[in-house]
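No lab work stands behind these numbers, since they all come straight from the coordinates. Remember, it's a predicted structure, so these values are computed and weren't measured experimentally. Counting neighbours? That spans all protein chains shown, and the Cβs are built from the backbone with ideal geometry, glycine included.
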Protein chains: 4
Amino acid sequence: MKNTFGSSVCVTLFGESHGPAVGAVVDGLAPGIQADMEFIRHQLSLRRPYGRISTPRVEVDDFEILSGVFNGKTTGTPLCIVIRNTDTKSRDYEATRALARPGHADFTAYEKYHGFEDPRGGGHFSGRITAALTAAGAVALTALRIKGIAIGTHIASCGGIKDRTFSELETDIRRLNEMPFAVLDEDAGEKMKEVIAAAAEDGDSVGGVLETAVTGVPAGIGEPWFDTVEGLLAHGLFSVPGIKGVQFGAGFDLADSRGSIFNDPFCMEGDCIKTRGNNNGGVNGGISNGMPIVFRCAVKPTPSIFREQGTVDFMERKDAQIRLSGRHDPAIIHRARVVVDSVTALVLCDLLAQRFGTDWLGGMQ
Amino acid sequence: MKNTFGSSVCVTLFGESHGPAVGAVVDGLAPGIQADMEFIRHQLSLRRPYGRISTPRVEVDDFEILSGVFNGKTTGTPLCIVIRNTDTKSRDYEATRALARPGHADFTAYEKYHGFEDPRGGGHFSGRITAALTAAGAVALTALRIKGIAIGTHIASCGGIKDRTFSELETDIRRLNEMPFAVLDEDAGEKMKEVIAAAAEDGDSVGGVLETAVTGVPAGIGEPWFDTVEGLLAHGLFSVPGIKGVQFGAGFDLADSRGSIFNDPFCMEGDCIKTRGNNNGGVNGGISNGMPIVFRCAVKPTPSIFREQGTVDFMERKDAQIRLSGRHDPAIIHRARVVVDSVTALVLCDLLAQRFGTDWLGGMQ
Amino acid sequence: MKNTFGSSVCVTLFGESHGPAVGAVVDGLAPGIQADMEFIRHQLSLRRPYGRISTPRVEVDDFEILSGVFNGKTTGTPLCIVIRNTDTKSRDYEATRALARPGHADFTAYEKYHGFEDPRGGGHFSGRITAALTAAGAVALTALRIKGIAIGTHIASCGGIKDRTFSELETDIRRLNEMPFAVLDEDAGEKMKEVIAAAAEDGDSVGGVLETAVTGVPAGIGEPWFDTVEGLLAHGLFSVPGIKGVQFGAGFDLADSRGSIFNDPFCMEGDCIKTRGNNNGGVNGGISNGMPIVFRCAVKPTPSIFREQGTVDFMERKDAQIRLSGRHDPAIIHRARVVVDSVTALVLCDLLAQRFGTDWLGGMQ
Amino acid sequence: MKNTFGSSVCVTLFGESHGPAVGAVVDGLAPGIQADMEFIRHQLSLRRPYGRISTPRVEVDDFEILSGVFNGKTTGTPLCIVIRNTDTKSRDYEATRALARPGHADFTAYEKYHGFEDPRGGGHFSGRITAALTAAGAVALTALRIKGIAIGTHIASCGGIKDRTFSELETDIRRLNEMPFAVLDEDAGEKMKEVIAAAAEDGDSVGGVLETAVTGVPAGIGEPWFDTVEGLLAHGLFSVPGIKGVQFGAGFDLADSRGSIFNDPFCMEGDCIKTRGNNNGGVNGGISNGMPIVFRCAVKPTPSIFREQGTVDFMERKDAQIRLSGRHDPAIIHRARVVVDSVTALVLCDLLAQRFGTDWLGGMQ
């Protein structure tokens, strides 16, 4: 299905960085979900470049909803959101057409599309497309919120600086969702920004780890084989540019550990079945167990750096050197955060709609 | 799609641990691929319990191909492989029907299937189903081999003991594919077995990390959004019981690092475009770059341990204690290895068939 | 997806006419549906050759359920049904390997599978595979019956003889579902059998038209574009061997008519919204309107006839003559009937599960 | 998948009749296909109201390509085409909000979307959405043309007037593709227009039958079960508003006939394998046999008529009368023609890309 993802609720992405627009179609959304323009705008603002640690390319991100909303609510028919590209400076990119930027998709795009791809600003591979994904995710997040499901992500580490971990989940999530640079410990956040700024001074970039928690997902969602909660989330998350790893619960940290430590014993908490500890990240056998779904994503350092790098001219098939100019982010982890939330929301809407039917998220059932 | 996975080449799994059989249907395979019975048997043997560090339940794993093979070759129509369950001792499991084994899917299955699920031996959630997946994967591996694509996985670490990393990929892979306990450093392997045996003595279990390398995948396979090489592989891999994390290339290790280190500069190697280093694990922008595809999977410690654990009775909704009896593995990482190879092979066949058409893998194009 | 069909409830078919078995996997069925062995057997009996107007090849059609049923009910996990092939006489077919039987798939299979296809008895193209489809459909029919949805098909015409049309739908359907040769007017039925027998005497075959009615489908099922009720049903129905046309409601009969005649005006019937007339066949804008879903399928005359026919040797690429021997049906329309019901049931289960969630059909919601 | 259709090449539709725009995303198209703006404009002109026999609502149908085209050719990434709605007069529709127009989707939409649907001008159910489908189809048609595949449709009958059938296929198709009112016999065409005009005078409408022929499709395309050529085409075609029946080759006409007549004997024509006659419509066993693919679609009379009709108020659940005003077509069959061609082209691109890989249509393989 390629650029379409999902089964009951699906999202289709389109657009190129320097083409007329980027956009998303979300299909299968329940009718009656509020299309909260203010919230979409807020989410887009969280993805936008932030202060001195981001690219100076700033898009207004004025979105337009072309379909699927009537009287301020979703109709249940496909919702198309379009965001025009305005601040495009294509001459920045032309000189390096056949020089593969290391860590980027220039070469792989050329191998796949035979030179017909739009190379300007990364074309269809650009992080710019995540603006559309963020807008689509905002509607999904609104739907989930009504059902008591909340999603929050913080920068668990960046350039070697660690944030504290989640403590009061509900409060933490609420706070994170307002922050342009999402950390639980603001001192750690300041240090991260310094590390990013220092890397920028060096013409270099940094990466880090995002940690996400989802509360309120009922037990019993997901499938035992293939369409596991973990598999579907990971499938979507690896589309977020720069993500190279996804782990649930204790993941790699406790992989070498013992069952007596890793297992999360069940216990009653009032009438609810919970687990002591959450090393399994809220998922047993591919299916949600009612505990918070917790996972971490490795975000690689932005591949765009301002240092001379070895590369090849992939048309002439010879070695070459490249030194990028133009506008780039020394880190994208703080901007990737809201994209992770968006993908997560879309996947969960899909899983919930499959389980409970297409009306459920709209509150009709 | 649930228990069916894939787009051009798809696999459907069925079966319960103590039902009549487990099986797989593989659809979309090119016609003309050798159905190598000896190789399928070999692969199944790699998944079978191994020595004193595995469950004493030993299935003969006699498989039968019900369809899709004629004169020893795939016909191009759906190939169904069935493996009968023979050594089932269901009374071992009955006493604990409503007691959720920690780390297992008993509770989540109950929430999803309302008690209609087959609870014997883990039912449809049992690792037993991976026997069918392994048989299906064997055919996919055969197809890839003809095209010069090889897949190998080793136990990168287990119970805290580390294996050496890949050095001579082709040789390493060939060697691994013959080993029932797949390590590159046999001394490390012996230590791992001791750690597993020690855990077994304690009534406990251990996990670890698998590292996989795939050679020979041409550049240009995969999609920029959603159906990325990473996303599709991860989607499939999270179905392998116990896998809680997947990372490509340097993944989490270098997430906090800098772009100047993480980026893999391109270079010519004769007529071929390669990268120096492979921190991106053979994938740029979701698409294969022609370098080996390398990833690691976190395998949690087997949840079945022989210690008293806290739990709940999920029918009566009250706290309880559980102590497992029966036959269980103190580690499954060495058995999960061949399942990882199988999933990887099926996903790659799918991606290649999508790109080059349905005949390509059969050598008809 | 090829041999897998459906979104929330999907069926995968496998098998060859003279291979070990044919079978089906049904995935996504709600847990808790009765697996009514007697009813499956009954449905298979309706598909079996009938009297002197059918092939003398008679399979016992002993089916085995390999998975997905526990304690007599569906578990919610994939249900695999296998039917062994027993009465195969492959030597009947070998002489004509490269001679394309007119109206059959020998030539197209060769073009698609390059000669690797199993040609014995039509291989994977054989009507034999519909035995598996019938068994799968029987479970779907059981699920629908609980929800008050009934499906019935009669031979509306055969060899030029017309049956009467539906009058008392509920009664008609109940009666049809017990009849091996499903007609509403038994006199017409006797004449049809005579026409079939006469064609058989001539070494020839006849076709006809099946008419199907479905009662009890709630309004609001289906999608406006692509996954319309008509589109999904037709997609499935064209898999029934011999079907060359599908029309809903008045279809082609009133195509040339006028809106004032074709339109079905709405009216209240007690508290229910109905239409006067049902020229639209129960579907408006792709979505069920609560009226019976009514459609007709054109079934071509069985292509296997015992007359000399012109053909080609597709391997040697030269003209040839062919005269079939072996065992064949002079008509399949009476046997196709139960396959049409089965496909219809599977498609409706899928549409209902998409709309109301995966538990709905099992009565859990 | 709902509003997305296809596997390797897929189309997603969005939009409402009186919303900001309608549009389509086509994904999976080969890179390097010419985006022929003139041809897209031509195709849209064929769908536009024609002379006095159509609605006076005339949209300019200025389309904009938002993505997927660079330097005049497809990039291989999703192509989004948007057509703004300009000539919308919503007050025409408001008075009849809760009165179900007979033959329309007002009531079924209400049952599905609970009143959140956009009712203006038919909303997402409007024929207006087919403008987007036509634009998408134009790109698919261009791709097919390069590969020697041509599609043409004529009005085989309308209001009881019959056109002649195809004779010289290639010539006929070429001529039809230039005609706003597509008939092979222009005298018959004039009579049809008179019948339509007469119906319009009566405040009534007429329907008819479209016949389509596709030349140049190689043998061996399609699947034996479910994804048959017939099944996939029918699945798509039933989305064209008003289509209530689809039949291939002789379809219903010869259903009652005999095998000796219906069977199409194979014969050599030079080096090519052909059939004498084409009662099977170019498809055997679900797979193309190299002959022209020929099918007919029943198009019901436009449901919008200007006569008083019985109906219900579906909100108040009571009987009512309705008399439409506004702008409507007394026939849509001549406008549906190009939509049928478009769906056909998209389905064939999908089937060909699945078979031969994603590059094939772009001429890269």
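Positive end of the dipole of chain D (Cβ unit charges, origin at the Cα centre): among D:240, D:283, D:226, the Cα lying farthest that way belongs to D:240. Segment A:280-348 and segment C:1-35 have Cα centres lying 39 Å from one another. Residues B:130, A:171, ranked from the fewest to the most other C-beta atoms within 10 Å, line up as A:171, B:130. Loop sites here are GluC sites (Glu not before Pro) outside DSSP states H, G, I, E and B with no more than 12 other Cβ atoms within 10 Å. The longest part of chain D free of them is D:1-167.
Of the Cα atoms belonging to segment D:1-160, the radius of gyration and Dmax stand at 17.2, 51 Å. Could you tell me the relative contact order of segment C:4-362? Use alpha-carbon pairs under 8 Å, at least six residues apart, and round to a whole percent. Answer for segment C:4-362 is 24 percent. Note on residue B:39 and residue B:64: their simple-model spin labels are 2.5 nm apart, each label 7 Å out from Cα toward Cβ. Once both labels are positioned 7 Å from their Cα atoms along Cα-to-Cβ, the gap between residue A:318 and residue C:97 label points is 5.6 nm. Pairs exceeding 30 Å between alpha-carbon atoms, taken from A:2/D:73; A:73/A:274; B:2/B:300; C:193/D:162; C:193/D:300: A:73/A:274; C:193/D:162; C:193/D:300. Positive end of the dipole of segment B:93-251 (Cβ unit charges, origin at the Cα centre): among B:126, B:215, B:251, the Cα lying farthest that way belongs to B:126. Helices assigned as whole DSSP H runs in chain B whose Cα atoms extend at least 20 Å along their own long axis and whose mean Kyte-Doolittle hydropathy is -1.0 or higher are found at B:129-146, B:186-201, B:333-356. Please state the charge dipole magnitude for chain C, taken about the Cα centre, from unit charges on C-beta atoms (+1 on K and R, -1 on D and E), reported in debye and rounded to the nearest 20. Once rounded to the nearest 20, the dipole reads 360 debye.
Rounded to a whole number, what is D in µm²/s for the protein assembly as shown from Stokes-Einstein with the Kirkwood radius over alpha-carbon pairs (25 °C, 0.890 mPa s)? Don't jump to the answer; show the numbers that get you there.
Working: Rh = 32.3 Å.
In µm²/s, the coefficient is 76.
Sorted from shortest to longest, the distances between the residue C:187 label points of this copy and the other copies are 4.5, 9.7, 9.9 nm, with each point 7 Å from Cα along the line through the beta carbon. Let me check I've understood the local charge: for residue C:69, count other residues with C-beta under 12 angstrom from its C-beta, Lys and Arg +1, Asp and Glu -1. What total comes out? Net local charge, residue C:69 excluded: -4. Computed from the alpha carbon positions, the gyration tensor of segment D:116-246 leads to an equivalent ellipsoid with semi-axes of 27, 23, 14 Å, biggest first. Straight-line cross-link reach from residue D:191 at under 19 Å between alpha-carbon atoms covers these aspartates and glutamates, not counting any fewer than eight positions away in the same chain: C:256, D:163, D:201, D:202, D:204, D:211, D:329. Across peptide B:297-310, the average count of Cβ atoms from other chains found within 10 Å of a residue's Cβ is 6. Charges were assigned to the Cβ only: +1 to each Lys and Arg, -1 to each Asp and Glu. The resulting dipole of the protein assembly as shown about its Cα centre is roughly 0 debye.
Beyond 14 Å, the tail of the calculated P(r) for segment D:282-326 holds 69 percent of the Cα pairs. Among residues of chain C, the one whose beta-carbon sits closest to the C-to-A rotation axis is listed with its distance in Å as C:357, 2. Can you compute the label reach from residue D:198? Point 7 Å from Cα along the Cβ direction, backbone N cut-off under 13 Å, restricted to segment D:145-185. Residues passing the 13 Å test: D:158-162.
When only alpha carbons of chain B are considered, Rg and Dmax amount to 20.7, 69 Å.
Run through segment B:179-245 and list the chymotrypsin sites (Phe, Trp or Tyr not before Pro) located in a DSSP loop whose Cβ has at most 10 other Cβ atoms within 10 Å.
In loop regions of segment B:179-245 (DSSP not H, G, I, E or B), there are no sparsely surrounded chymotrypsin sites (Phe, Trp or Tyr not before Pro).
Ordering B:335, C:317, D:258 from the fewest to the most neighbouring beta carbons within 10 Å gives C:317, D:258, B:335. Inter-copy label distances at residue B:62, shortest first and taken from points set 7 Å along Cα to Cβ: 1.7, 7.4, 7.5 nm. Shortest first, residue B:175 label-point distances to identical copies amount to 5.2, 7.5, 7.8 nm, with the label point at 7 Å from Cα along Cα→Cβ.
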